Amino acid sequence: MPIFMDRHFLEGTTAADVARAHRMDLDIQDKYGVKFLTYWFDQRRGTAFCLVDAPDAETAQCVHREAHGFVAGEIVEVALSAVEAFLGRIHDPEPAPGQSSSDVDPGHRAILFTDIVGSTAMTSRLGDRIATEMVRAHDAIVRRCLGQNSGREVKHTGDGIMAAFAATTAAVECAMAIQQEFERYNGGNTEPIHIRIGVDCGEPVEDSNDLFGSTVQLAARLCAAASTDQILVSENIFREYGAADLFTHATRRRFKGFSKPMQVFRCDWANADVN
């Protein structure tokens, strides 16, 4: 059966209410021949997301309607691999020690892209073997920083890495740590590696009916627009990070695929205190 993800708008609802509704779905799911795999809830935004194995979207909605009445505002078909890459799980997690079953990870994610500046010219100048070693050095530095900042690699782009974070602060701090690590690397190597980074955040179901569609697209556009050794972040990141003095040179830019100019901020990573 296909896999669907739905989004509920539940302003004023508590995590305990959503956990109880999820259990009610599980109680009657066999009646409709569906299986609710897991859910995410973001109380601050008043949104919940359910992942369900169902014959069609309407059948999944029927379970919600009968079980508790919280019908989804939208529902889209998704690939399990995409869900797991961005959100880290496709089944209900075991509660950690001291954590109740209602303390569920929200579906909100930050997306980070890295890109090696001038990678094509680097390959032409150094040859395939040396250029490959340079990419491996990039990968090692980025992956180490991801591990230190609770980031998860989604995919390798050939000359960069795409990663997801549950927390916006972790994504920004990882981006700064990456640039600082490359600054140290370049100080002791005759062949420097310069990279650019773009970061955006959002929720997993977008109006484009694509999992993380616009969030991924904007993070990639920001990365491509960044100059050498720059980190560019979206307005969403600026608002959520909570340290306005870290971001400078706010501008509005037009990006392919976005109908309106987007506000862009540059992260002043060189003056940041990142361990």
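The values are calculated or read from the model by the stated rules, or taken from the named source; none is laboratory data. In this text, all values refer to a predicted model and were calculated from it rather than measured experimentally. We place every Cβ from the backbone using ideal geometry, glycine too, and count neighbours over all the protein chains shown. Protein only, heavy atoms only, side chains kept; ligands, DNA and RNA dropped before computing areas. Shrake-Rupley method; radii C 1.70, N 1.55, O 1.52, S 1.80 Å.
On full extension of the chain, what length is gained from A224 through R125, given 0.36 nm per residue of separation minus the C-alpha to C-alpha distance?
Working: separation 99, 0.36 × 99 = 35.64 nm, distance 2.19 nm.
Going from the current span to full extension adds 33.5 nm.
Note down the nm distance, to one decimal, between modelled labels 7 Å out along Cα→Cβ at Y185 and at R239.
Spacing of the two 7 Å Cα→Cβ label points: 3.4 nm.
At 7 Å along the Cα-to-beta-carbon direction for both H156 and K35, put a label point, then send me their distance in nm to one decimal.
About 3.2 nm, to one decimal.
May I ask for the net charge around V63, where only other residues with Cβ less than 14 Å from the Cβ of V63 are counted and Lys, Arg are +1 while Asp, Glu are -1?
-4
Straight-line reach only, C-alpha to C-alpha below 30 angstrom: list the lysines that K256 could link to, leaving out same-chain residues fewer than 8 apart.
Partners within reach: K155.
Given the DSSP H assignment, sum -39500 (n - 2.57) over each helix run of at least 4 residues in the chain and divide by its residue total; what's the result at 222 nm in deg cm²/dmol, nearest 500?
About -12500 deg cm²/dmol.
Can you compute the charge dipole magnitude of the chain about its Cα centre, using +1 on each Lys and Arg Cβ and -1 on each Asp and Glu Cβ, nothing else charged? Give it in debye, rounded to the nearest 20.
780
Based on the alpha-carbon gyration tensor of the range 71-184 and its eigenvalue square roots a ≥ b ≥ c, which shape applies: rounded if a/c is under 1.5, prolate if not and a/b is larger than b/c, or oblate?
Here the range 71-184 falls in the prolate category.
Counting Lys and Arg as +1 and Asp and Glu as -1, what is the net charge of the other residues whose Cβ lies under 15 Å from the Cβ of T120? Spell out each step's value before the answer.
Details: positive: R125, R196; negative: D115, D128, D159.
Every neighbour counted, the sum reads -1.
Going 7 Å from the Cα of R45 in the Cα-to-Cβ direction, what parts of the range 101-139 have a backbone nitrogen less than 19 Å from that spot?
Of the residues in the range 101-139, 103-113 have backbone N under 19 Å from the label point off R45.
Relative to the first principal axis of the alpha-carbon coordinates of the chain, what is the inclination of helix 128-148, with its axis defined by its Cα atoms, in degrees from 0 to 90 and to the nearest 10?
Tilt relative to the chain: about 50 degrees.
From the square roots a ≥ b ≥ c of the eigenvalues of the alpha-carbon gyration tensor of the chain, which class results: rounded (a/c under 1.5), prolate (a/b over b/c), or oblate?
It comes out prolate by the Cα gyration axes.
Scan around Q230 for amide H atoms under 5 Å from its own, H built in the peptide plane at 1.01 Å from N, and keep only partners 5 or more places away or cross-chain.
I197
Mind listing the phi-derived Karplus ³J(HN,Hα) values for the range 189-194, rounded to whole Hz, using 6.51, -1.76 and 1.60 with θ = phi - 60°, and x for any glycine or proline?
Calculated HN-Hα couplings, in order: 10, 6, 10, x, 10, 10 Hz.
Grab the alpha carbons of the range 20-117, take their convex hull, and tell me the volume per residue in Å³.
Hull volume over Cα atoms, normalised by residue count, gives 142 Å³.
What does the charge count near L246 come to, summing +1 for each Lys or Arg and -1 for each Asp or Glu among other residues with Cβ under 15 Å from its Cβ?
Local net charge: -4.
In Å², and per residue, what accessible area does the chain have when probed at 1.4 Å with the other protein chains present?
I get 47 Å² per residue for the chain.
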